[in-house]
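These notes concern the structure reproduced below.
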Amino acid sequence: YGFLGDVFLGFKYITTKTKNAWILAGMFSFLSGHIFYIIALFMEYYIQAHIVFIILPFVTAAAIAVVYLLIFKKVGINFGKLLPFGVLYLLCLSSMVSTSLYMAILNKFSIMALVMFFIGAVFFAASDTMLTGAYFKPGKRSKAYMAIYSVFYYIAQFAIAFSIFFLV
């Protein structure tokens, strides 16, 4: 889903007329991947009788989303017509990060695959935060800004993919 999301986001440069449609397609592609990650985290790492660890990730994600939206507004990020989809994506991304954190806590950070996934999720959130600034804040971003975003994104993808190595 991530690869497809990257392809869709790349298409936004083809024409300004359909830019939002490509961004939306990219968002939903990545959102789908995040949902599958969340399901996989619960299936693989949830320990029965710890009901609070089902609720906490989503409460934390909602709190993170509210903080992000307040910060975004303060720094001039404007989603425009894509705001509802941006909020949905933000909730899903925050849920993936917080689910990986709480599953790592639940398992006492003893499972290397889960720790690697959590690190990847944090870098993914960092790269998406920067990408949000690049897409939805007026003005041009410097080459250094975009380079840092890219480094964060590739660290995220590598860490998440590398976490599979520790499953076998």
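The figures follow:
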read-out: Residues located in the stretch 107-122, provided they are more than 19 Å from Ala62 (Cα to Cα) and under 10 Å from the mean Cα position of the chain (by Cα); value: Gly120
read-out: Test for Tyr1: is it open to solvent by less than 70 Å² (accessible area, probe 1.4 Å) and closer than 21 Å to Ile160 by Cβ; value: no
read-out: Some residue of the stretch 122-143 being free of Cβ contacts under 8 Å to residues at least 12 places away in the same chain and on the phi > 0 side of the Ramachandran plot; value: yes
read-out: Test: residue in the stretch 93-106 that is within 24 Å of Lys12 (Cα to Cα), surrounded by 18 or more Cβ atoms within 10 Å (Cβ to Cβ) and either within 15 Å of the chain's Cα centre (by Cα) or not hydroxyl-bearing (Ser, Thr, Tyr) (or both); value: yes
read-out: Residue list for the stretch 145-160, restricted to those being open to solvent by 60 Å² or more (accessible area, probe 1.4 Å) and of a type in the set (A, V, I, L, M); value: Met146, Ile148, Val151, Ile155
read-out: Hits in the stretch 12-29 (condition: β-branched (Val, Ile, Thr) and either exposed (fewer than 13 other Cβ atoms within 10 Å of the Cβ) or outside any helix (DSSP H, G or I) (or both)); value: Ile14, Thr15, Thr16
read-out: Residue count for the stretch 46-83, restricted to those that are open to solvent by 60 Å² or more (accessible area, probe 1.4 Å) and either among the charged types (D, E, K, R) or free of Cβ contacts under 8 Å to residues at least 12 places away in the same chain (or both); value: 14
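Residue-by-condition table, conditions (1) at pLDDT 95 or above; (2) out of contact with any strand residue (DSSP E or B) (no Cβ under 8 Å at 6 or more places or on another chain); (3) closer than 22 Å to Asp6 by Cβ; (4) aromatic (Phe, Trp, Tyr):
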| site | (1), (2), (3), (4) |
| --- | --- |
| Ala62 | yes, yes, no, no |
| Phe72 | no, yes, no, yes |
| Met96 | yes, yes, yes, no |
| Thr99 | yes, yes, no, no |
| Met116 | yes, yes, yes, no |
| Ile119 | yes, yes, yes, no |
| Leu131 | no, yes, yes, no |
| Tyr154 | yes, yes, yes, yes |
| Ala159 | yes, yes, yes, no |
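The values are calculated or read from the model by the stated rules, or taken from the named source; none is laboratory data. Since the structure is predicted, the reported quantities are computational estimates derived from the model, not experimental observations. Heads up, the Cβs are rebuilt from the backbone with ideal geometry, glycines too, and the neighbour counts pull from every protein chain shown. Accessible surface is based on the protein model in full, side chains and every heavy atom, while ligands, DNA and RNA are left aside. Shrake-Rupley method; radii C 1.70, N 1.55, O 1.52, S 1.80 Å.
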